[in-house]
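The values are calculated or read from the model by the stated rules, or taken from the named source; none is laboratory data. Remember, it's a predicted structure, so these values are computed and weren't measured experimentally. We place every Cβ from the backbone using ideal geometry, glycine too, and count neighbours over all the protein chains shown.
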């Protein structure tokens, strides 16, 4: 498994629009066979900060995800909404075992 945590800071005026775009992208992403989990979370003490928690079954699945139309639409839609460049950190799961995802 490959876990990608994407950190995002959104301009105040785009909060609702950003959430809508992320929910649409996450809903479609969860249907991809290479994705085990795809969550959108918002920081409690700073509503402009979000994180995407993406759990992929393989490195190839991350590449396939970025080729999907729904990802490209999300990427292009939210670009203008960013208060700062988004960044991601990649992790490998320790527990639970891959077969429990």
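Observations
- Test: residue in the range 38-47 that is surrounded by 11 or more Cβ atoms within 10 Å (Cβ to Cβ), modelled with pLDDT under 95 and in contact with a strand residue (DSSP E or B) (Cβ under 7 Å, 6 or more places away or on another chain): no
- Single residue of the range 60-83 satisfying the filter (outside any helix (DSSP H, G or I) and surrounded by 11 or more Cβ atoms within 10 Å (Cβ to Cβ)) that is farthest from the chain's Cα centre (by Cα): 83
- Only one of the numbered conditions (1) under 14 Å from the mean Cα position of the chain (by Cα); (2) more than 15 Å from residue 78 (Cβ to Cβ); (3) touching a residue at least 40 places away in the same chain (Cβ under 8 Å) is not met by residue 7, and that is (2).
- Looking across 71, 56, one residue alone is in contact with a strand residue (DSSP E or B) (Cβ under 6 Å, 6 or more places away or on another chain) and either in contact (Cβ under 8 Å) with a residue 24 or more places away in the chain or closer than 19 Å to residue 32 by Cβ (or both). It is 56.
- Tally of residues being more than 15 Å from the chain's Cα centre (by Cα) and either surrounded by 10 or more Cβ atoms within 10 Å (Cβ to Cβ) or under 21 Å from residue 22 (Cα atoms) (or both) across the range 84-97: 2
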